[in-house]
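The values are calculated or read from the model by the stated rules, or taken from the named source; none is laboratory data. In this text, all values refer to a predicted model and were calculated from it rather than measured experimentally. Glycine also receives a Cβ, built like all others from the backbone with ideal geometry; neighbour counts cover every protein chain displayed.
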Amino acid sequence: MKKRKSYGSCLIALSLMIALTACNSKSTDTKAADTANKSSAKTDVSAAVTWAETNGLNKTETVDELYSKAKQEGKVVVYSQSSRIKDVKATFEAKYPGIKVEAFNMSTNDIVEKVIREQTAGIYNADVIFVKDASGAVTTELTTKKLVHKYIPKDLSEKMVEPYKSNSSGLVPYFSLRAIFYNTDVYKTSPVTNWWDLTMPEWKGKVLMNDPIDSADMMDLFLAMIQHSDEMKQAYKEKFGKDIVLEGTENASYEFIKRFLKNDPVLMKSSDEVVEAVGVSTQGKPPIGIGASSKLRDVIEKKLSIAATYDVLPKISVVGPSYLYVADKAPSVNAAKLMIRYMAGEADGKSDGFKPFNVMGSWSTRTDNGRTDQPSIDKLKVWNYDSDYFYKNFVKFREFWLKMQ
């Protein structure tokens, strides 16, 4: 396989960078130095908490109040994991004259690294951070250490469903999934109803997907399977009518991954490539694909013969929340609050800031502005996102995946 900079190696490099920036240039292994470092970290977190409280991140202000203050700041800087931020920029600047949006589209791992490097150097450039958790990297390295802060105004949270209403590290306007795509010209219903189907001979070399070493979302899917190996074990029994016999692996999920890789899945660079390859209409026996559910928005535009199934045993996916945070010591904190409200749909759920993300294959976390042309949140069979488990286990999975190739 052609080598390229990978998600897994980026996350490992990020971990090393964090360890290095935490040490001072004359670090020692003495107990006194370790105690000093811990004391400094606690002081930094305490100062960040104080900054957040002083700047009203625990309050609900009106749009008019925020706009008046934000105009004095003049701009808002957004680090975004989605290219759709360009659409938000255009409508926000039209709605709020006098506030310029500086939007930077980067991967979540690049955002995490950039925020850590900048704040370690005393540079506070970002106002809004728009990310996924990337196998727990955001939760572990940014939110826990208060490099970013939660801002969830009450008039927004009261419209949200749990756990996003009261048990979330940041404001989650929507989430997406990994879905299984199939060609509707050939298959009237999904040919896959159980993840173990993908280990069968008929799908050898016929499954397209992103490489989890490059894709945080794909890695999170496999990590969720591993965390819930008991469910994968039961799904095997439902498929084959007998208990699974492990062949040198520690549980049913690692056994699934091993057999799946032996079936030669085709690794592609993006979900765009996956859905386009599956949806081409002139195929005799088309492949199936595993990719971002939000790519269903391309079906009409690109005239693809494709659909997604969410009814797969034991679960179709792990939820992939997208988070909005205020960066610590944001220079334009009021503009940041205004932007987050805007991207989250505002109090009435109708703002143009949410429209680029309210697409087929994405689920609003609110009760008043979700789509009605796809399964509702309560009907989705999905695993919850466990950032702590994912962060602690991604290296082990990565090593297993590379070993099995």
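A compact table of results
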| read-out | value |
| --- | --- |
| Residue within region 287-298 that is among the acidic types (Asp, Glu) and touching a helix residue (DSSP H, G or I) at 6+ places or on another chain (Cβ under 8 Å) present | yes |
| Total residues in region 117-159, condition of a type in the set (Phe, Trp, Tyr) and crowded, with 24+ Cβ neighbours inside 10 Å | 2 |
| Any hit, region 136-157, residues being among the small types (Gly, Ala, Ser), closer than 14 Å to residue 330 by Cα, in contact with a Phe, Trp or Tyr (Cβ under 9 Å, 6 or more places away or on another chain) and in contact (Cβ under 8 Å) with a residue 24 or more places away in the chain | no |
| Total residues in region 147-161, condition within 19 Å of the chain's Cα centre (by Cα) and farther than 17 Å from residue 383 by Cα | 7 |
| Close pairs (7 angstrom Cβ cut-off, 6 or more residues apart or separate chains): assigned to a loop (DSSP other than H, G, I, E, B) in region 239-262, polar (S, T, N, Q) anywhere | 251/229 |
| Helices (runs of 4 or more DSSP H) (entirely within region 60-151) containing at least 3 residues that are within 28 Å of residue 319 (Cβ to Cβ) | 85-95, 108-120 |
| Subset of region 162-207 [of a type in the set (Val, Ile, Thr) and within 18 Å of the chain's Cα centre (by Cα)] | 172, 180 |
| Test result for residue 326, touching a residue at least 40 places away in the same chain (Cβ under 8 Å), closer than 30 Å to residue 66 by Cα and touching a Phe, Trp or Tyr at 6+ places or on another chain (Cβ under 6 Å) | yes |
| Residue satisfying condition, being surrounded by fewer than 23 Cβ atoms within 10 Å (Cβ to Cβ) and in contact with a Phe, Trp or Tyr (Cβ under 8 Å, 6 or more places away or on another chain), within set 313, 304 | 313 |
| Members of region 316-336 found to be part of a loop (DSSP other than H, G, I, E, B) and over 16 Å from residue 170 (Cβ atoms), listed by number | 316, 329, 331, 332 |
| Extreme residue, nearest to residue 94 (Cα to Cα), among residues of region 337-386 that are of a type in the set (A, V, I, L, M) and assigned to a loop (DSSP other than H, G, I, E, B) | 344 |
| Count of region 80-114 residues which are in contact with a strand residue (DSSP E or B) (Cβ under 7 Å, 6 or more places away or on another chain) and either touching a residue at least 60 places away in the same chain (Cβ under 8 Å) or more than 24 Å from residue 219 (Cα to Cα) (or both) | 14 |
| Qualifying residue in region 98-105 (condition: modelled with pLDDT of 95 or more, under 16 Å from the mean Cα position of the chain (by Cα) and surrounded by fewer than 20 Cβ atoms within 10 Å (Cβ to Cβ)) | yes |
| Count of region 263-312 residues which are more than 18 Å from residue 198 (Cα to Cα) and either of a type in the set (Val, Ile, Thr) or part of a loop (DSSP other than H, G, I, E, B) (or both) | 14 |
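Okay, residues lined up against (1) of a type in the set (D, E, K, R); (2) closer than 16 Å to residue 354 by Cα:
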site: 99; (1), (2): no, no
site: 104; (1), (2): no, no
site: 111; (1), (2): no, no
site: 114; (1), (2): yes, no
site: 140; (1), (2): no, no
site: 150; (1), (2): yes, no
site: 162; (1), (2): yes, no
site: 165; (1), (2): yes, no
site: 172; (1), (2): no, yes
